[in-house]
1. Are there strands (runs of 3 or more DSSP E) fully within the range 37-155 with at least 3 residues that are in contact with a Cys (Cβ under 9 Å, 6 or more places away or on another chain) and open to solvent by less than 20 Å² (accessible area, probe 1.4 Å)? List them.
2. With (1) open to solvent by 20 Å² or more (accessible area, probe 1.4 Å); (2) within 19 Å of V116 (Cα to Cα); (3) in contact with a Pro (Cβ under 9 Å, 6 or more places away or on another chain); (4) of a type in the set (A, V, I, L, M, F, W, C) as the list, and A300 as the residue in question, which single condition is left unmet?
3. Determine which member of the set A347, A305, A284 is under 26 Å from T211 (Cβ atoms), among the aliphatic types (A, V, I, L, M) and touching a Gly at 6+ places or on another chain (Cβ under 8 Å).
4. Quick one: which strands (runs of 3 or more DSSP E) sit completely within the range 223-339 and have at least 2 residues that are among the aromatic types (F, W, Y)?
5. Has the range 335-355 got any residue that is among the β-branched types (V, I, T), within 15 Å of A306 (Cα to Cα) and at pLDDT 90 or above?
6. Here's a check for you: in the range 458-478, which residue that is of a type in the set (G, A, S) and open to solvent by less than 60 Å² (accessible area, probe 1.4 Å) is modelled with the highest pLDDT?
7. Quick check on the range 439-457. Is at least one of its residues under 30 Å from S302 (Cα atoms), open to solvent by less than 40 Å² (accessible area, probe 1.4 Å), modelled with pLDDT under 90 and in a loop (DSSP other than H, G, I, E, B)?
8. What are the residues in the range 230-262 that are open to solvent by less than 10 Å² (accessible area, probe 1.4 Å), closer than 24 Å to R314 by Cβ and hydroxyl-bearing (S, T, Y), if any?
Amino acid sequence: MIRSRKLRYTLLTFAILSAAFAILSGRGGLAPTASAQSGVRSVIVELRSDPVVVARAKAQAASRPFNEANYRQQIINEQQQFLSRLAAAGVPYSITSVVAPNGPFTRTLQYRFNYVFNGITLDLPSAVIDQIWPIVASLPEVYAIHPNEPVYINLDRAVDYTRAPALYGNPPRLTQFDTLNSGGVHGEGVNIAIIDTGVDWTHDMFGGDPTPPQYGIAPTLSLLPVNRKVIYYMNFTAAIEPDDFGHGSHVAGIAAGYRAFAPGADSLPLTADDKPVHGAAPQAKIMAYKTLSAAGVGHAASIVAAIEDAVQPRTITGFAKPVAHVINMSLGTQTPQGPEYPTSIAADNAALAGCIVVASAGNSGVGDQTTGSGMIGSPGSGRRVITAAANIDPGAGPNSVDVIGGGRTGMRAYLMAGSADILSDITNNYVYCGLAETPDQVPDSVNGKIALIARGSTVTVEQAGVGTGLASNKVAFAAAKGAVAAIIYNNVD
């Protein structure tokens, strides 16, 4: 059995992982993913030969020479042979791909893998999937066929569980981009790959440097400077924005953010009682991977692609790039998936290559809650993955409200900072408060009533400071007008 190398990071590792444990949670789908093309089913076909990382580890364990370039080409040739057999058998297929903008560069990326996983993602016509499946499975190169599961994020709370700074106390200084002579416990020299919704590298918690990072699909190795904190960026979606959801930036800030300020007792930002906060390893560098959409949804193939890119020393265009020492995946499938699922295999083999991989077990509560079996999604089910235990987070999950016909019994209420304990049922009329972004938007008539508030914001670049969209701000404004509770309703289905 091939075993992964010993971990090379001590106190720093635990600091980063403490943050990662606190970050993680996941949800997933129940069936193979249908692509954007109607009537098409996406599957990941796993082939029999070992991926590069496993073949190299076996050669090293047996003290045999190993030519990585030659072996990789052998895998590519075998994949082409498989596709030729598929075409000869009359199977209609296309290789699953995405047109992915990465800054000024756009490229069509096919979901084909060879480094940490040997396989190809295919779009097959769902109308004849029952006839196609046994034909594909019978081909000699095929080891297994997996549904290309949906992958979701679901993070409501994290900081309460993050205790990494207690390992070293507050850093003697938190000057951005400085090198601390502290033995590396603050993250010096370590690259953390955040596989998520992307990272907004211009954010103050990453130093506010507007310089773009190195792009993973750049056609040439640019001599231009790159972002000093978010050193690498790779997009596997059709989105243009670096992070159009915010979850990846949030995760990156917890893991490695510089000092920023959080609202104090008044729950409002930019006031005198704001408190300084920073990430678990504030001097670590960030490698950002956008694999999930603006709705926080992706698919397994994009996760495998990101893991594969993170641990390789060269981009897909052949130029030198940073290599991840730690991979954080605050995501997963709700459908229980074992260690033989593609994202778990890829995560395992990234660990085999020397990377520390942290993933989510999930907070959805799926599986048998009596025995605890079947609770873990993928990639958290990987054998070499450090996985946060599954939990039904009390801060997670939406309520459903029917304001016309009732249906409001048994809703979960979450206390904001400074709220009194709930000692009895909250029953009262609603008062509509719009977006409640500023105090004047909240009517005085909300006093003693329940504030009904829309999620979202009117903030634009031209209207900086008009409103933030933060739930904590909305609720604080409603509470200041005397509301006994607030319901923030979603602005998407």
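The values are calculated or read from the model by the stated rules, or taken from the named source; none is laboratory data. Just so you know, these numbers come straight off a predicted model, no measurement behind them. Backbone-built Cβ (ideal geometry, glycine too); neighbour counts: all protein chains shown. Keep in mind that these areas ignore ligands, DNA and RNA; they rest on the heavy atoms of the full protein, side chains included. Shrake-Rupley method; radii C 1.70, N 1.55, O 1.52, S 1.80 Å.
1. Passing ranges: none, list empty.
2. For A300, the exception is condition (1).
3. Answer to the selection: A284.
4. In the range 223-339, the matching strands (runs of 3 or more DSSP E) lie at 230-235.
5. Looking through the range 335-355, at least one residue is among the β-branched types (V, I, T), within 15 Å of A306 (Cα to Cα) and at pLDDT 90 or above.
6. For the range 458-478, the residue satisfying everything is A478.
7. For the range 439-457, residues under 30 Å from S302 (Cα atoms), open to solvent by less than 40 Å² (accessible area, probe 1.4 Å), modelled with pLDDT under 90 and in a loop (DSSP other than H, G, I, E, B): present.
8. Y232, Y233
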